[in-house]
Amino acid sequence: MINQEQLQRIHSLYQEGRFQCNFYRKKLADARFKNYEDFSRIPFSRKEEVRESSVYDRTATPTENIFGIYSSSGTTGEKKYYVYNRHDKKIQEECARIFMNMAGIDEKDLGGILSPIGTGVMGHCMTWQFSAVGAGVVHCPEPSPENIVKTLDKFPVTAIATLPQVAASVIENPEHAKAAGNSTVKSLLLGGDHLSETVRKQLENTWEADVYNLFGMSEIFGPIAGECAMKNGLHFPTRYLAIEILDPKTRKSVTLGETGVAVYTTLWDKGFPLLRYWSDDLISIDDTPCPCGSPMPRLFFRGRTE
Ligand SMILES: [Zn+2]
């Protein structure tokens, strides 16, 4: 599922020294990039390795090019930190513009950020995704149902970025649910966790809003994939993200359209470049044309291996 153009891009990044950090040195000792067979001999990068390495082991970015060092939520155990360089920020904005446009968000919107994790990478990305299209934001850093309702009462928020479970937290209490439905919110942009179609329907009914599924990960940024108006799969840019879909047992590529483990490789001079990053996400890819006209293929989440 990695094409020749993507392979060449990875090879160029290698030649430019983008993988010259402790994290990749050993993995790439005998690396070749002529074809997929060569590439598939490069050892996977694993979550445990990320956990056990230091933030500076995973980057070749000199201090002057660091945009920021951001943490993932770390709900269990130690927080993980990631270097984002200046180019990462630009590409995040470019991707955010694509997916915010697909969801109909523009400078006339006021984004509500319901990020329960303070200044973690997700909260930052949610803020940047609105500023990328010129929309303003208001933060609700402790998004309990009561605080969400208060924020909606005070500000004319039109679009909310949050996790599915936070958006769903207003459903339980009829008064909170009513306030959400009566609010000015017209779109929910959800990421950070699986969104089932049942929950999407519940949320759309309660909030009287369109619900869009976005995909991001702290190791890259968010959103790196997102839904169009069809809400049938998440488009992703193949110029920035190469995805191998592998059989979890044989570790060989599955046939296009079949479900397997997503293994991610990033295709720009990223602060923490991902090279064959084994995600535990089970996904499938559809590269047939989408009625929306976007040339980007779509990915579908099917679960997790854990
Ligand atoms: Zn589409």
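The values are calculated or read from the model by the stated rules, or taken from the named source; none is laboratory data. Worth saying up front: this structure is predicted, and the values here are computed from it rather than measured. Quick reminder, even Gly has a Cβ in these numbers, built from the backbone with ideal geometry, and neighbours come from all protein chains shown. With ligands, DNA and RNA removed, areas are computed over all heavy atoms of the protein, side chains included. Shrake-Rupley method; radii C 1.70, N 1.55, O 1.52, S 1.80 Å.
Identify, please: which residue in segment 135-189 is assigned to a helix (DSSP H, G or I) and under 26 Å from Leu234 (Cβ atoms) and is, among those, most open to solvent (accessible area, probe 1.4 Å)? Outline the logic, then answer.
Of segment 135-189, the ones assigned to a helix (DSSP H, G or I) are 145-154, 164-168, 174-182.
With under 26 Å from Leu234 (Cβ atoms) added as a condition, the list becomes 148, 164-168, 180.
Numbers: Ile148: 1, Pro164: 7, Gln165: 94, Val166: 16, Ala167: 1, Ala168: 33, Ala180: 1 Å².
Once the filter is applied, the top-ranked residue is Gln165.
Checked against the criterion of being over 30 Å from Thr162 (Cα atoms), assigned by TED's automatic domain parsing to the domain that holds Ile245 and hydroxyl-bearing (Ser, Thr, Tyr), the candidates Ser54, Ser45, Ser12 yield just one match: Ser12. Listed here are the strands (runs of 3 or more DSSP E) enclosed by segment 40-130 that have at least 1 residues being free of Cβ contacts under 8 Å to residues at least 24 places away in the same chain and open to solvent by 10 Å² or more (accessible area, probe 1.4 Å): 66-71. All of (1) more than 16 Å from the ligand (Cβ to nearest atom); (2) assigned by TED's automatic domain parsing to the domain that holds Asp269; (3) out of contact with any Leu (no Cβ under 7 Å at 6 or more places or on another chain) hold for Glu208 with one exception: (2).
Return yes when Thr238 is touching a strand residue (DSSP E or B) at 6+ places or on another chain (Cβ under 6 Å), of a type in the set (S, T, N, Q) and surrounded by 17 or more Cβ atoms within 10 Å (Cβ to Cβ) and no when it is not.
Numbers: touching a strand residue (DSSP E or B) at 6+ places or on another chain (Cβ under 6 Å): no; of a type in the set (S, T, N, Q): yes; surrounded by 17 or more Cβ atoms within 10 Å (Cβ to Cβ): yes.
Spelling it out, it is not the case that Thr238 is touching a strand residue (DSSP E or B) at 6+ places or on another chain (Cβ under 6 Å), of a type in the set (S, T, N, Q) and surrounded by 17 or more Cβ atoms within 10 Å (Cβ to Cβ).
Taking the stated definitions as given, is Gly192 touching a Leu at 6+ places or on another chain (Cβ under 6 Å) and under 25 Å from Tyr82 (Cα atoms)? Walk me through it before giving the result.
Numbers: touching a Leu at 6+ places or on another chain (Cβ under 6 Å): yes; under 25 Å from Tyr82 (Cα atoms): yes.
Yes: the conditions hold for Gly192.
Among residues of segment 271-306 being among the aliphatic types (A, V, I, L, M) and open to solvent by less than 10 Å² (accessible area, probe 1.4 Å), the one that is nearest to the ligand (Cβ to nearest atom) is Leu299. Assess whether Thr265 counts as being over 21 Å from Lys90 (Cβ atoms) and either buried (at least 22 other Cβ atoms within 10 Å of the Cβ) or free of Cβ contacts under 8 Å to residues at least 40 places away in the same chain (or both). In short, no. Selection within segment 211-230: residues that are open to solvent by 10 Å² or more (accessible area, probe 1.4 Å) and over 22 Å from Gly112 (Cβ atoms). The member of this set that is farthest from the ligand (Cβ to nearest atom) is Glu219.
Of Gly233, Gly192, all but one fail to be touching a residue at least 24 places away in the same chain (Cβ under 8 Å), open to solvent by less than 10 Å² (accessible area, probe 1.4 Å) and under 16 Å from the mean Cα position of the chain (by Cα); the exception is Gly233.
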